[in-house]
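Taking it in order: structure first as structure tokens, then the write-up.
The values are calculated or read from the model by the stated rules, or taken from the named source; none is laboratory data. In this text, all values refer to a predicted model and were calculated from it rather than measured experimentally. Every residue, glycine among them, receives a Cβ derived from its backbone with ideal geometry; neighbour counts consider all protein chains shown. Note: areas computed on protein heavy atoms with side chains; ligands, DNA, RNA excluded. Shrake-Rupley method; radii C 1.70, N 1.55, O 1.52, S 1.80 Å.
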Amino acid sequence: MNWFKFFLLLLIVNPIVTYSEIEIANVFGLISKNPNKTLKFVELRSATFFTEEIKTTGTVSFNDDGLMSKYIATPIKSEIHITDNTLLLLDDDGKREISLANHPVLASGVNAIRWLLLGNKEKISSNYFIEYSNKLTDWKIKLIPRNSEILSRVSSILITGQLGNINVIKLSKSDGTSVITTFSQ
């Protein structure tokens, strides 16, 4: 009986930190410290009433300053570079700059991935509700936008991985379509 009273006293005196909170903080740390900053990807954009499924392949790279680059090999060669608040698209039509500030839905998705890669849980949690689950070394993080304008376009972003590696990112749109990106070494 004394052990039970001691246990209750510890619960009252010490703040309770859930296992999930400890684990999610570890996952963010492992992702941000992952030395693999360049990965191959396959991206599938779901079919809509007007379009067929689109498959894109290439490589993505990321650095510790938050610069993200996507080199698309198929179906049409192009490059996307994201620095700070600017998206630069290079393709056969030339060079186009897009301010993320003028496109909050696009900025939301880009920033969620950037903050995840940087291990910035505070930024993510201030912009998204976070659902987290894990099984041994596999984990899932589901992000649901807090902003109603963004939520009206993006219902969730599901990121799955193992240890410090991101395996799949699924962006689910509110219209029922999705973009699924699978990463490999």
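Here are some notes:
- Nearest 10 degrees, 0 to 90: helix 19-33 Cα axis against the chain principal axis: 40 degrees
- If the segment from Glu122 to Leu163 were pulled out straight at 0.36 nm per residue, it would be longer than the present Cα-Cα gap by 12.8 nm.
- Taking the C-alpha atoms only, the angle from helix 104-118 to the longest principal axis of the chain is near 60 degrees.
- Each Lys and Arg adds +1 at its Cβ and each Asp and Glu adds -1 at its Cβ; summed about the Cα centre, segment 23-184 shows a dipole of about 340 debye.
- Taking a Cβ cut-off of under 9 Å around Ile72, the surrounding Lys, Arg, Asp and Glu residues balance to a net charge of -1, with basic ones at +1 and acidic ones at -1.
- Per residue, segment 110-153 exposes an accessible area of 58 Å² to a 1.4 Å probe, with every protein chain left in place.
- Segment 47-95, relative contact order in percent, only Cα pairs under 8 angstrom and at least six apart counted: 24 percent
- Prolate/oblate/rounded label for segment 23-184 (Cα gyration tensor, a/c 1.5): rounded
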